[in-house]
Structure formats: C-alpha cells, structure tokens
Amino acid sequence: MTAEDHVVFVVDDDARIREALVDMLESYGIRAITFGSAGEYARAAKPEMTACLVLDVELPDINGLDFQTQIANAGHPPIVFITGHGSIPASVRAIRHGAVDFLTKPFSDADLMAAIRTALARDREERAARDELGALRRRHADLTPREREVLPLVISGLLNKQAAAELGISEVTLQMHRRNVMQKMDAASLADLVRMAEKLEIPLSGSRRAGGP
Amino acid sequence: MAISRPVCLALAVLACAAGMVAGWRLYLPLGLAPVVAVLFLRVASQWLLPLLGVATAGLAVSLLATNEGEGSLPDEGMNYGGCFALVLSLGGVLAAHRMLGMARAAPDRASRTLTEEAAPGEPAGAPLLHPDDRLASTLASARAFWTGVPQVMRYRQRQPDGSYRWFRTRSVPSYEAVVEISDLETVREEPMTHSPTFASPTADTVQAARTVEDLFGNGWAFDAAGAWIYLPLFAQTTLGLTPDDLNASLRDGDISWKLLLHPDEYEAVAIRWRHSLETGAPFRAEFRIRRANGVYAWAKTAAKPFLDTEGHIAGWFGTSIDIDLPKKTEAALRAKEFQLRQLIEAVPTMIWSTTASGTPTYANQRFIDTTGASLADITAPDGSASLSVIHPEDRQAARDAFGRSMLQGIPYAATYRQLRADGSYRWTATRAEPLRDEAGVIHQWYGVSVDIHERVVAEMSLRESEHAHRQLVETLPALIYCATPEGKPTYRSEKLRDYLGFGLTDKDDAERTRLENTLDAIIHPDDLAAVKERYAHALSTGEPYQMKHRLRRFDGVYRWVETRAAAMRNAEGTIVQWNGICLEIEDQVRAQEDLRLAQDNLARASQAASLAELSASIAHEVNQPLAAIVANSHTCLRWLRAEPPNHPRAMITAERIIRDSNAAADVVSRIRALFKQSVQPRTSTALPSVIGEARRLLTEEATRRRIRLHVDIEDGLPRVVFDRVQLQQVLINLLRNAMEAMEAAEGDKVVGIRVHRAEGDVQVRVSDLGAGVAFPDRIFEPFFTTKESGMGMGLAICRSIVESHGGRLWIESNEPRGAIFVFTLPVETDVAA
C-alpha cells in the first residue's frame, strides 16, 4: 500500500531514530529514504516527486537550521524539524524560514504524521504551481516578437485602436496579433490572459509613448 | 671802648699826680675830679678798675705822706682829715661798686656756694665780720685749706642795723671753686692800717698777699724771681716748712713750689709758672698741693704780678683755694659718666633719644657706626626726626606710629628695614619709651633699635617654607588630615573642609569625642563598623591604616574614597601624629563596579551557556533513545493493530524498544556518573585549616561585595575525617550562597562561620543577614532554585556530600534576619571505632 508518488527524506545522525522513523512511515505506507548527515542528503540524487524532509536539528556536520538556510534557494521539499531539545527561538527561526513544523523528541506518531502530510501536500501544490508556470513560460516563449509586444498592451486594457496607434500598426493587424496571442497562450478570456501575464510577471504597459527614444 | 694799657697807666699816674696836687695844695674837692674821670672811664673799660684802685691808693699814699712830711699844721688839719674821710668814703664806694659787679657777674655761683654757713672769708661776708673776729676766721679758713679738716668757729656778723650778732659756722675747705683773682685785686683798696709799712715793692707784694689772706684765709707772695717771700705763719707751722725750706729747690733749678707739688704735676706746673714769671702773665692753674698730713688735695691757684711804680714786676701774690671735693666729685662724676657712656656704647644696641616733640637729641656711637648716619643726618631741617635711616617703603608707617606714640604718650614699637653704613637695609626692631617728670609731662623719648635681620630673615624663610608646605598640602589634589596619636582630628586641608562642608571643630560636642562624631558624620553607615574597627586597630598598633569606604560629601552624596593614614614618630619612635590622605576613587570604584558587573554578567552568561550546553547535551543524549522508543512503540502498536497484525514487524519493533530503553538507561547512568563526586581518600584533617582555606578563596569576592567574613572557631575541636575537596566544595557553596543572599540587603553585611562541638559531632554554621529562605523544605531538592541562574544542584550536592560523610545538612532561621545553614560531621573516634 506504499504510494509511489511521494517520498519522505529522513536526515538524522542517530541510526535508531532513522530506523524507527523508516519503520513507522512504512507502517503508514510512506516510503522513506534516510541520510546520516546533511551532506549525505545534499549529495544524493533524489527522485523527482512529491517529497518531504524530516530534518534533525542536531546534525554532526551542520546545524539543521543552518542547512535550511543553505538550501533555501535551491528548491527543496518542505521541512519538518525534529530536535532533542527545542528552543523557542530556534523553532521561530525554523518556521519563519518556511519549515512546516518543529517537533521536539520524543514526539507522537500522530504529530509527526500530521506534519509530514502537511508537508507533502504543500510540496504537491508547489510542484503543480511550478509545472503551470513552466507551461506558461513555454507558451510565452512561442510568441513572435510582435505578439510579445502586443501582450502587455492588451492586458493593460488599451483599446485596439489605442494599442495599434501605440505600435504604429493598423487596428486590423493588431486584432490579428491579439487573436494569435490568445490562442497561443491558451487563454479562454482576456481575464485569463491577464492572470497568466501576472504569473509570468509581465509588466503592464498602459502609458502612452511619451515621444522620443 | 678799648684803651691800651700804657694809656691807662699814664692816666693812672696822671690821676695820682692830680690827686696829690689837688689834695695837698689846692682845694680838696678838686682831688675828686680825676677820680671821677677814672670812674667814668671804668664804665667803658674793665681794664681801668685795677688802675682806679692804683690811682686811689696813690691818692691815699700821697695824702698820708704829705701828712707825715709836713708835720702837724693846725689850720690845715681839718683839711687833711676831710681828705682822709673822702678817701675812705671813696674806698667804700669802690667796694660797693666791686660788690655790685661781683653780684652781677655770678649771682648763681654765689647762691650755690654761699649758704648761711658760708666761710667767713668770703668776700661778701668779710666786711660784715666784726673786726675782732676777722683774723680768727681767716685762720680757720687757712687751717681748713692746709689741713683739709673742717673748722668750726664763732664770729660776730654785722646786721643791717649796724649791730653784731653771734654766728656759729662750720668751715670746710674749698667752697669757692671759682675765684677770679682779678676780682680779688680790688681788695687791695682795703685800708692797710694794720701794717703801714711800705718800705719796698716786696713789702707791697706781701701786703697784697696778706690782704688776699684776709679775704680768703690763704695768701702768699713771691719775689719777682719766684722765691717765696710770704707764706702764712699757720701754713708754715702746719707744713713744718718755712719759705726758705721751700726756696731751697730754687738752687736745683726747680721752682719754689716743688716741695708742695705732686710729682706727677710738677713739670706742667713748672712750665706755666716759669712762663708767668718771664712774661708777667697771670698764673692760674689747678694742681694738687701737699697737705700737712702728706695728702695731696686739689687746689685752684692764682697769682698776679705786683708791679712797682715803674711798671716792673716787683713780686707775685696770690692764693690757693681748695677745690679737692668738687674736683674729686667731678672726677667721680666723669668716671661715672664715662662708665655710663661705656655701658651705653657697649650695649649691642643702637640707642637714641629725642625730645618730647621728636627732635633727635642723642644717638650712641653704635647707632652712628651701624647706620652711618650722624645725629644731624637723622634730624630733619624742621627739627623733627627725618627717619632717613628707615627704608622708604617702611618710613611712612614708622612715621605714623611714632607720631601716634608722641601724641598719645604710648610706647613706640616698630619693625622696619634700617639703613646700614654699607648702604644695605636690615630688619631692625625699635622700641621707645617716654621719660616723664613727676607731673607726667614727657621730657624725652628714649629709644632702642636692635638688629633682628637674621631673625626676621629666618622667620620669613620659615614662613615662606611653611607657606610653601601649606600650599603644597593645600594644592595637592587630595584630601589631607592630621590627627593626634589618639586619633583626634587636628587638621584638615582646605580641600577636605570644602569636601565635607564643615570645619574641624564644627561637630564637637561635650558628650562624644571628635573622632567619633566625625566618623559618624562622614562615613557611610554600611562602612562605619569596618572603618571604626580598622581605625581602632591602626591606632592601637601603629600600623598604617588603609581603607576604601564611602565618604559623605557636603551635599550629602556618598562617594568612594580610599583613606590611608600613617603614624608620624619622633626620634624615640613614639607616635606624635597621624597623617592621613583621602583620595576620591569614586570613578575608579565605579569603573571597577562596572567591570565587576560585566564580569558577573559574563560569568552568568558563560554559566548559562555551559548550562544550556549541558542540558542540551543531556536532553539530546536522553531524548534520542526516548524518541526512538516512542516512535518504535507507536510503530509496534500500528503493526499489532494492522489487519492482519504484522507480528514479525511488531516483534522487531518491540526488540528495538527494549534496546533503546536500555540505551536510555545507560545515558542516565552516565549523566549520574558525571555528577557523581570523585571518590578521594578521606583524611583526618583539622577542620579550621579547611575553613581558613575556603575563607581565603572567598576573601576577594567578599571584599568586592563589601561583605565581612566573621570566623569563630572553637578551640580544641576533635578531628574529623572528610574528603578535603568535597568539604571545601560544601563550604564554598554555602558561603557563596550566603553572600549572594545579601546582595540586595541593606546595612551591615556579615557572613558568619562558626565551628563548634555539638554532642558527638562537629557542627559548622554558616549564617547570613540576607532575606532568608522562602522554601526551606524544598531548597535541598535537586533542580530547585530561587536564583535566576542557578542549576538548583548546589545544595542537593552539598547535602549528598555531607550525608556521604555521615553528617547532616539543614537550614535554620537567623536572627534578626537571614538564614543559617548547618551541617555536622561525625568526630573521628566514631569512624575509627
């Protein structure tokens, strides 16, 4: 009954903990991959799927919290911290940096499982969002240069006539470009297109060209 | 009008001739004319007085000669008798005139020397004597002169009414010390009725001498060659010498005086005598004449030449008057004066005098020599004291003071720089007192000036050095004081007075000593006991005193100072004074305080850090297996609850639980082992040494916390067996707790350590004056702490150590406040048995 679409990475220097957690997660039908240190985890090739990182604070090579900071920009699965002796500042720091939970040993299986589930769910959402943005980027990349010029003008709410004047083209030509954009971007409506532009972080360009280069 | 001697002589001869012619042949009154003319001339020239006498005498002689030569002419008898009467009356007039001149010339002399008992030979008195007594009085005078023995005589003296009264007088030699021979000469006008022998000039000379003798009781005559021709009979008998005896010396070329003269004076007298004999100059001299008893007495001797009618010297006549007493008195006076002067000059001071109005009248030689200023120099043109010898800067003050003294008649005292002969100025002290008469009127000011330059300079340098020292003391940036050997403050520097805001004696009262009052007033109450204890110790032992304490400033603020005092001893080593210095160390103390706080904070931080580390380590060590156990337990349950239960997996999990539980137990026992004390061999040691060691270890901390450690160990304690290190740990723990308990306490901070025997144990009591213990029941529980940074293990460990030694540890309440931790240790005998 082990679901193969997600995995839990366990990093703890204590073999007994790793053993117990693997066993426990197995009893919940969750596959776990264990690492004895942060370095081990960092070096390992990880399967591209929904995941969660159960990270011990007290690691032999690096403090778990510092490791969290280290990998913050590398895109990592949500973290559930476990620690032998927790402190409020440490937990606050961990949560502020995006940790899902901060559990003090010994912890109940329910607490751990709740945290892991939350983490997996969050990872799943993040993965989805990452996938959609990738598709949008690919579609946006398919647009012709002229179409990429038309897009900001359209989403800025300019009338066709205004947008055409802005680009120095006829209104008919503009309408053709606009139709292509909507098609290529797979936008159902203008509002849909605006939302996509927002995700792609395309700036609005509503201002009239104020003459001069 | 000066008339030369020859003219006078000519006039006199003329007068004589005229007198003779007039009296004898012509008419008697005409004989008066030349006499009147001579009298008139006498007014103009004193020289004529003797000439007048000669002229008158000549007149009288011619009359007598005529009388004898002519025999008795009955018809002319009346005429001759009238002439004689005229001459007599003329003699009386002359005598009166001479007396008048005499009285005019020396009235004071007469009043001084002539008393009621005056010698009868005195010219004024002579005419008053009864003629019968005259010889007797003359003799008496002569006897007085030649013997030096006062003579008493009776004589009759004529009264103004012409009658005679008896007088009794005592005649002593030499009342008249100033007899002018020129005056005596007129006496020759006395009628010489008793010895009318005018055979020769020599006889005249003798006659003149006799006349003098009549008047002065003494007279003598020499011939022109200086040989005695007359010496009163009395003198001859008294001396046992005749004029021939005296004249014998002439044969040796000496003068005839020789036998009567003192050898010392002979030469001087001889020279003058010969001079007079040669030139005819009157002889006047004062010399000693030998009396009958061989004693030399001072006499004033005068002699005049007797001229014959041709003007040649016919002989010498004169007298000697006794001046022995005045001479000797004078000599004595002179000696006395000399002595006084010597004294004044010998006194090593400058002596001067001024009149009542301040005009300088005298300055002794030393004054003149020292200042180089004569009496004239110190007298201003207006007669006042010029004060030129006083330094210009001091002059006005001296002038004012002297003026004030003169005005008010109060003694004058001044100190000023006075000029010296070399032009320098030296400090001089001058005092002057007024001399008053009976009525209190000031006659003179007598002043003394003493050179006190060395003293003044020494004083000034002393003052300067004292001033410098005082300045040194006063300007030192410290608070300085002195005290008696008993500690009574005697001096405080200005800075200290300013700092305290009160003076040395301001806190004095009758009941308590100045030291106590001062200490109470200026020492912070918390430091007072310690200061008093230390100060008393220093005073009693003489050891230097050193103490850091808070001192009350004038504004009531207590500031930290360090006081150091040391004893000043005299040559014998006895303490004569305590000198103290007080340095403000507020900033220093504050800095130290800050440093201490920082240290404390650091220590606490590091303690906390190490504690956190320790607890983290403990937690990690324990929680790891616990976490595994919990996780395994859950897993085990899940395997067992699964449908179907997964027994193999559950068993594996259960085994892991057992394994991890054991691991956890190991961790716990390892931690216990960490806390467990090392087991050292216990030794039998004297407890006091361990306590002393603990005290030493904590002295620094106690001083920093202003806490006194008071140790009281009973004598003759039995030995106890204990682990030295452990027991020290207990002591330090308890002592430190006690000190920390008083950290916030007010007032006296004392930690007491008392060791005494109690039943079979030795009891150690550590007391404090802190706030006491709120939870006496729980305080020995492990991990129970009332301290912010405590682990709560200290007392638990202490108790376990004490109990491992067979003793007990408990807490009691201290009076009036604070707590006492008491632990016991069994005495050695019990263990040994």
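Here, each number is a calculation from the coordinates, and none is a lab measurement. Bear in mind the structure is a predicted one, so any value in this text is a computation, not a measurement. All Cβ positions, glycine included, derive from the backbone under ideal geometry; neighbour counts span all protein chains shown.
Assorted remarks:
- Nearby aspartates and glutamates by direct alpha-carbon distance to B:LYS258 (threshold 14 angstrom, same-chain neighbours under 8 apart not counted): B:ASP244, B:ASP245, B:GLU267
- Loop-resident GluC sites (Glu not before Pro) (DSSP state other than H, G, I, E or B) in segment A:1-107 with no more than 13 further Cβ atoms inside 10 Å of their Cβ: A:GLU4, A:GLU48.
- Residues whose amide H falls under 5 Å from that of A:PHE35, counting only those 5 or more places apart or on a different chain, are A:VAL10, A:VAL11, A:ASP12, with hydrogens built in the peptide plane.
- Above-threshold pairs, the threshold being 25 Å between Cα atoms, out of B:LYS488/B:LYS532; A:LYS46/A:LYS184; B:LYS495/B:LYS749; B:LYS507/B:LYS749; B:LYS488/B:LYS749: A:LYS46/A:LYS184; B:LYS495/B:LYS749; B:LYS507/B:LYS749; B:LYS488/B:LYS749
- Karplus (6.51, -1.76, 1.60) ³J(HN,Hα), θ = phi - 60°, over segment B:364-374, in Hz, Gly and Pro reported as x: 6, 4, 5, 4, 5, 5, 6, 8, x, 10, 7
- Within segment B:239-262, backbone nitrogen closer than 17 Å to the virtual label 7 Å beyond the Cα of B:HIS275 toward Cβ: B:255
- Each of B:MET460, A:MET196, A:MET24 has some number of other Cβ atoms within 10 Å of its Cβ, and from fewest to most they run B:MET460, A:MET196, A:MET24.
- Using the Karplus relation 6.51 cos²θ - 1.76 cosθ + 1.60 with θ = phi - 60°, the per-residue 3J(HN,Hα) values for segment B:454-459 come to 4, 5, 4, 4, 5, 4 Hz, with x marking Gly and Pro.
- Close amide H partners of B:THR379, meaning residues 5 or more places away or on another chain with modelled amide H under 5 Å apart, are B:SER386.
- Summarising the amide proton neighbourhood of B:GLN444: residues at separation of 5 or more, or on other chains, whose placed amide H is nearer than 5 Å comprise B:LEU435.
- Going from the fewest other Cβ atoms within 10 Å to the most, the residues B:THR238, B:THR653 appear in the order B:THR238, B:THR653.
- Only aspartates and glutamates eight or more places from B:LYS328 in sequence, or on another chain, were considered; those with a Cα closer than 14 Å are B:GLU286, B:GLU337.
- Note on B:ARG497, A:ARG178, B:ARG251: ascending count of other Cβ atoms within 10 Å places them as B:ARG251, B:ARG497, A:ARG178, the fewest first.
- Pairs of Cα atoms nearer than 8 Å and 6+ residues apart set the relative contact order; for segment B:358-510 it is 12 percent.
- Charge context of B:ALA356, other residues only, Cβ under 14 angstrom, K/R +1, D/E -1: -1
- Our coupling estimate for segment B:473-488, obtained by passing each phi through the Karplus curve with A = 6.51, B = -1.76, C = 1.60 and θ = phi - 60°, is 5, 6, 8, 4, x, 8, 9, 10, 8, 10, 8, 6, x, 8, x, 6 Hz, Gly and Pro reported as x.
- Between segment B:424-463 and segment A:47-70, the C-alpha centres lie 111 angstrom from each other.
- 12 Å beta-carbon shell around B:ALA819, net charge (K/R +1, D/E -1): -2
- Listed by chain and number, the aspartates and glutamates whose alpha-carbon sits under 16 Å from that of B:LYS336, ignoring those within fewer than 8 places in the same chain, are B:GLU345.
- Distance between the C-alpha centres of segment B:560-593 and segment A:134-154: 92 Å, rounded to the whole angstrom.
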